[in-house]
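Some notes on the structure that comes next.
The values are calculated or read from the model by the stated rules, or taken from the named source; none is laboratory data. It should be emphasised that the depicted structure is a prediction, and the values quoted were computed from it without experimental measurement. Every residue, glycine among them, receives a Cβ derived from its backbone with ideal geometry; neighbour counts consider all protein chains shown. Keep in mind that these areas ignore ligands, DNA and RNA; they rest on the heavy atoms of the full protein, side chains included. Shrake-Rupley method; radii C 1.70, N 1.55, O 1.52, S 1.80 Å.
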Amino acid sequence: MQREEIVGLLTDSFEYKYRKSDFKLGLILTGVAFALIGLPSCVLIPYQPFAAVIMMLLPIVMMIPAWAINLRKMRELLKDPEKYSICEGVLKNPHPQWRLIYFELHLADGRKLATSPIFNNSQLSERCFDEWNNKRVLVAVDEENGRVALIRRK
(Lines give C-alpha, C1' and ligand atoms only; values in the text may rest on other atoms or scores of the structure.)
Protein backbone atom coordinates (compact mmCIF):
# COMPACT_ATOMS: atom_id res chain seq x y z
CA MET A 1 0.00 0.00 0.00
CA GLN A 2 1.05 3.56 -0.58
CA ARG A 3 2.06 5.82 2.28
CA GLU A 4 -0.94 8.11 1.70
CA GLU A 5 -3.37 5.17 1.81
CA ILE A 6 -1.94 3.92 5.09
CA VAL A 7 -2.02 7.42 6.62
CA GLY A 8 -5.66 7.69 5.50
CA LEU A 9 -6.50 4.36 7.14
CA LEU A 10 -4.68 5.35 10.33
CA THR A 11 -6.45 8.72 10.60
CA ASP A 12 -9.75 6.92 10.08
CA SER A 13 -8.91 4.26 12.69
CA PHE A 14 -10.83 3.92 15.94
CA GLU A 15 -7.77 4.63 18.07
CA TYR A 16 -6.97 7.89 16.27
CA LYS A 17 -10.62 8.98 16.55
CA TYR A 18 -10.63 8.09 20.25
CA ARG A 19 -7.49 10.13 20.95
CA LYS A 20 -8.82 13.05 18.89
CA SER A 21 -12.15 13.07 20.73
CA ASP A 22 -10.34 12.91 24.09
CA PHE A 23 -8.21 15.88 23.03
CA LYS A 24 -11.32 17.86 22.05
CA LEU A 25 -12.99 16.94 25.33
CA GLY A 26 -9.93 18.23 27.17
CA LEU A 27 -10.17 21.55 25.34
CA ILE A 28 -13.87 21.84 26.17
CA LEU A 29 -13.27 21.03 29.84
CA THR A 30 -10.47 23.59 29.96
CA GLY A 31 -12.81 26.22 28.54
CA VAL A 32 -15.51 25.38 31.08
CA ALA A 33 -13.03 25.42 33.96
CA PHE A 34 -11.63 28.74 32.75
CA ALA A 35 -15.16 30.18 32.57
CA LEU A 36 -15.95 28.96 36.09
CA ILE A 37 -12.61 29.71 37.77
CA GLY A 38 -10.53 32.04 35.60
CA LEU A 39 -13.04 34.65 34.49
CA PRO A 40 -14.58 35.28 37.93
CA SER A 41 -11.07 35.84 39.30
CA CYS A 42 -10.79 38.96 37.12
CA VAL A 43 -12.62 40.72 39.94
CA LEU A 44 -9.54 40.13 42.11
CA ILE A 45 -7.08 41.87 39.77
CA PRO A 46 -7.16 45.27 41.55
CA TYR A 47 -6.80 43.64 44.99
CA GLN A 48 -4.74 40.50 44.43
CA PRO A 49 -3.22 40.57 40.92
CA PHE A 50 -0.92 37.58 41.53
CA ALA A 51 -3.76 35.41 42.84
CA ALA A 52 -5.99 36.45 39.93
CA VAL A 53 -3.35 35.46 37.37
CA ILE A 54 -2.80 32.12 39.13
CA MET A 55 -6.54 31.44 39.09
CA MET A 56 -6.73 32.27 35.37
CA LEU A 57 -3.81 29.98 34.51
CA LEU A 58 -4.83 27.12 36.79
CA PRO A 59 -7.35 25.43 34.43
CA ILE A 60 -4.90 25.58 31.55
CA VAL A 61 -1.98 24.22 33.55
CA MET A 62 -4.12 21.42 34.96
CA MET A 63 -5.23 20.20 31.51
CA ILE A 64 -1.89 20.44 29.68
CA PRO A 65 -0.93 16.81 30.56
CA ALA A 66 -4.17 15.47 29.06
CA TRP A 67 -3.66 17.47 25.87
CA ALA A 68 -0.02 16.41 25.62
CA ILE A 69 -0.72 12.70 26.13
CA ASN A 70 -3.41 12.59 23.45
CA LEU A 71 -1.39 14.67 20.98
CA ARG A 72 1.67 12.47 21.54
CA LYS A 73 -0.31 9.26 21.02
CA MET A 74 -1.92 10.65 17.85
CA ARG A 75 1.50 11.66 16.53
CA GLU A 76 3.02 8.28 17.45
CA LEU A 77 0.25 6.46 15.61
CA LEU A 78 1.00 8.37 12.40
CA LYS A 79 4.78 8.09 12.80
CA ASP A 80 6.44 5.89 10.17
CA PRO A 81 3.35 4.64 8.29
CA GLU A 82 5.59 2.52 6.03
CA LYS A 83 6.19 0.13 8.94
CA TYR A 84 2.52 -0.82 9.24
CA SER A 85 1.13 -3.97 7.70
CA ILE A 86 -2.62 -4.24 7.16
CA CYS A 87 -4.09 -7.57 8.28
CA GLU A 88 -7.18 -9.21 9.71
CA GLY A 89 -7.66 -10.67 13.14
CA VAL A 90 -10.15 -11.52 15.86
CA LEU A 91 -10.54 -9.62 19.14
CA LYS A 92 -10.67 -12.03 22.09
CA ASN A 93 -9.95 -12.18 25.82
CA PRO A 94 -10.93 -8.73 27.08
CA HIS A 95 -8.78 -7.25 29.83
CA PRO A 96 -10.52 -4.57 31.90
CA GLN A 97 -8.62 -1.61 33.23
CA TRP A 98 -9.91 1.28 35.31
CA ARG A 99 -12.56 2.55 32.87
CA LEU A 100 -11.42 1.02 29.61
CA ILE A 101 -10.88 -2.43 28.17
CA TYR A 102 -8.24 -3.78 25.82
CA PHE A 103 -8.41 -7.01 23.84
CA GLU A 104 -5.98 -9.62 22.66
CA LEU A 105 -5.80 -9.55 18.89
CA HIS A 106 -5.45 -13.04 17.41
CA LEU A 107 -4.01 -12.83 13.89
CA ALA A 108 -4.44 -15.50 11.22
CA ASP A 109 -0.80 -16.60 11.50
CA GLY A 110 -1.23 -17.40 15.22
CA ARG A 111 0.35 -14.28 16.68
CA LYS A 112 -1.30 -12.57 19.64
CA LEU A 113 -1.01 -8.83 20.13
CA ALA A 114 -2.64 -6.45 22.60
CA THR A 115 -4.77 -3.58 21.38
CA SER A 116 -4.72 -0.17 23.01
CA PRO A 117 -7.22 0.32 25.84
CA ILE A 118 -9.78 2.27 23.80
CA PHE A 119 -12.87 0.16 24.42
CA ASN A 120 -15.48 1.23 26.97
CA ASN A 121 -17.24 -0.96 29.46
CA SER A 122 -20.33 1.21 28.91
CA GLN A 123 -23.21 0.14 26.69
CA LEU A 124 -23.68 3.71 25.44
CA SER A 125 -20.50 3.92 23.37
CA GLU A 126 -19.71 2.80 19.83
CA ARG A 127 -16.64 1.08 21.26
CA CYS A 128 -18.47 -0.91 23.92
CA PHE A 129 -17.21 -4.31 24.95
CA ASP A 130 -20.11 -6.40 23.63
CA GLU A 131 -19.93 -5.03 20.11
CA TRP A 132 -16.27 -5.97 19.68
CA ASN A 133 -15.77 -9.20 21.62
CA ASN A 134 -14.98 -12.15 19.28
CA LYS A 135 -15.38 -9.99 16.15
CA ARG A 136 -13.21 -10.00 13.05
CA VAL A 137 -11.41 -6.72 12.50
CA LEU A 138 -9.06 -5.03 10.07
CA VAL A 139 -5.97 -3.69 11.83
CA ALA A 140 -2.71 -1.94 11.05
CA VAL A 141 0.18 -3.60 12.88
CA ASP A 142 3.64 -2.13 13.46
CA GLU A 143 5.67 -5.06 14.78
CA GLU A 144 8.83 -3.04 15.32
CA ASN A 145 7.23 -0.54 17.72
CA GLY A 146 4.44 -2.77 19.03
CA ARG A 147 1.60 -0.57 17.80
CA VAL A 148 -1.79 -1.92 16.77
CA ALA A 149 -4.39 0.37 15.26
CA LEU A 150 -7.93 -0.93 14.90
CA ILE A 151 -9.24 0.29 11.54
CA ARG A 152 -12.72 -1.24 11.26
CA ARG A 153 -14.86 -4.24 12.06
CA LYS A 154 -15.33 -6.78 9.29
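Dimensions of the chain along the principal axes, based on C-alpha atoms and rounded to the nearest Å, stand at 69, 35, 20, largest first.
The angle between the Cα long axis of helix 49-78 and the main principal axis of the chain comes to about 10°, on a 0 to 90 degree scale.
Counting each DSSP H run of 4 or more residues in the chain as -39500 (n - 2.57), what helix-only mean residue ellipticity at 222 nm follows after dividing by all residues, to the nearest 500 deg cm²/dmol? If you can, show how the numbers build up before the last one.
Values: 4 runs with 63 residues, N = 154.
Estimated from H runs of four or more residues: -13500 deg cm²/dmol.
In degrees from 0 to 90, rounded to the nearest 10, what is the angle of the helix 14-33 Cα long axis to the longest principal axis of the chain? Result, in degrees: 10.
Taking the chain as a Gaussian network of alpha-carbon nodes connected by springs under 10 Å, the highest mean-square fluctuation of the residues Leu39, Leu105, Leu27 belongs to Leu39. When the chain is described by a simple charge dipole with +1 on each Lys and Arg Cβ and -1 on each Asp and Glu Cβ, the residue from Phe23, Leu107, Ala35 located farthest towards its positive end is Ala35. Restricting segment 29-90 to trypsin sites (Lys or Arg not before Pro) that sit in a DSSP loop and have at most 14 other Cβ atoms within 10 Å of their own Cβ leaves Lys79. Note on Lys135: aspartates and glutamates with a C-alpha under 18 Å away, same-chain residues under 8 apart excluded, are Glu15, Glu88, Glu104, Asp109, Glu126.
For the chain, what is the relative contact order in percent, using Cα pairs closer than 8 Å and at least 6 residues apart in sequence? Write out the running numbers ahead of the final one.
Values: 234 pairs, mean separation 36.1, N = 154.
Value for the chain: 23 percent.
Listed by chain and number, the lysines whose alpha-carbon sits under 24 Å from that of Lys79, ignoring those within fewer than 8 places in the same chain, are Lys17, Lys20, Lys24, Lys112. Measuring nothing but protein heavy atoms, the accessible surface of the chain at 1.4 Å probe radius is 61 percent carbon and sulfur. Structure remark: mean-square fluctuation, Gaussian network model of the chain, C-alpha springs under 10 Å; the largest value among Ile69, Ile86, Ile54 belongs to Ile54.
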